[in-house]
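**Student:** Encoded as structure tokens, here's the structure I'll be asking about.
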Amino acid sequence: MQDEAKTVERSSEGKAQMDFITRMGRYYNTSLVKGTQNATDYDEDVANMGMKFSFALKKYEEVVEMLKFYNLPTTQSNIDYLTGLGRGTALFQDIYGRTAAVRIHPVYKEIEQAFDSSTSTEEEREYENKRQERIIMGG
């Protein structure tokens, strides 16, 4: 997995390494996961992206770009859906273009804590967790 992969690919050596890993990964039946915060980072590679995950976006321009990236229509309902995703929920698209929201549940609490980049207080997190539980339970 390479977070902020576009930064690595800016140098000729980084680009060559990422290309090598991608091609050899297919040969060895493994994958390179490229992480980024911007849908526009991979305009030229969109056709090669197997699976895509997008967590909630707040800026209209980012949402429009992500919908293009997913090859989904830019409708108000799609915009509202993508901006309204709860914490831990992502819009997922598989290699066949099937798209759905998925909820990410880390197996171990330590994994969730290790990847938590939130600046929320403990009280805010507790409130959000309870809110998500109510949404899941339909209440």
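**Student:** Test Val102 against the criterion of being modelled with pLDDT under 85 and within 21 Å of Asp3 (Cβ to Cβ), and give yes or no.
**Tutor:** Criteria not met by Val102.
**Student:** Could you tell me how many of the residues in region 94-120 are open to solvent by 100 Å² or more (accessible area, probe 1.4 Å), within 19 Å of Met66 (Cβ to Cβ) and among the charged types (D, E, K, R)?
**Tutor:** Residues flagged as open to solvent by 100 Å² or more (accessible area, probe 1.4 Å), within 19 Å of Met66 (Cβ to Cβ) and among the charged types (D, E, K, R) within region 94-120 amount to 1.
**Student:** May I ask you to say which residue of Leu91, Leu85, Leu67 is farther than 27 Å from Glu133 by Cβ, open to solvent by less than 70 Å² (accessible area, probe 1.4 Å) and either modelled with pLDDT of 75 or more or not in a helix (DSSP H, G or I) (or both)?
**Tutor:** So the residue among Leu91, Leu85, Leu67 that is farther than 27 Å from Glu133 by Cβ, open to solvent by less than 70 Å² (accessible area, probe 1.4 Å) and either modelled with pLDDT of 75 or more or not in a helix (DSSP H, G or I) (or both) is Leu67.
**Student:** Which numbered condition trips up Arg26, out of (1) at pLDDT below 80; (2) assigned to a loop (DSSP other than H, G, I, E, B)?
**Tutor:** (2)
**Student:** Please go through region 29-64 and pick out each residue that is exposed (fewer than 13 other Cβ atoms within 10 Å of the Cβ), of a type in the set (D, E, K, R) and at pLDDT 75 or above.
**Tutor:** Lys58, Lys59, Glu61
**Student:** Now for a separate question. Take the residues in region 111-123 that are of a type outside the set (Val, Ile, Thr) and over 23 Å from the mean Cα position of the chain (by Cα), then tell me which one is modelled with the lowest pLDDT.
**Tutor:** Among those residues, the one meeting the criterion is Glu122.
The values are calculated or read from the model by the stated rules, or taken from the named source; none is laboratory data. Since the model is a prediction, treat every value here as computed from it, not as a measurement. FYI the Cβ positions are ideal-geometry reconstructions off the backbone, even for glycines, and counts take in every protein chain you see. When the accessible area is computed, the model is the full protein with side chains, heavy atoms only, and any ligands, DNA or RNA have been set aside. Shrake-Rupley method; radii C 1.70, N 1.55, O 1.52, S 1.80 Å.
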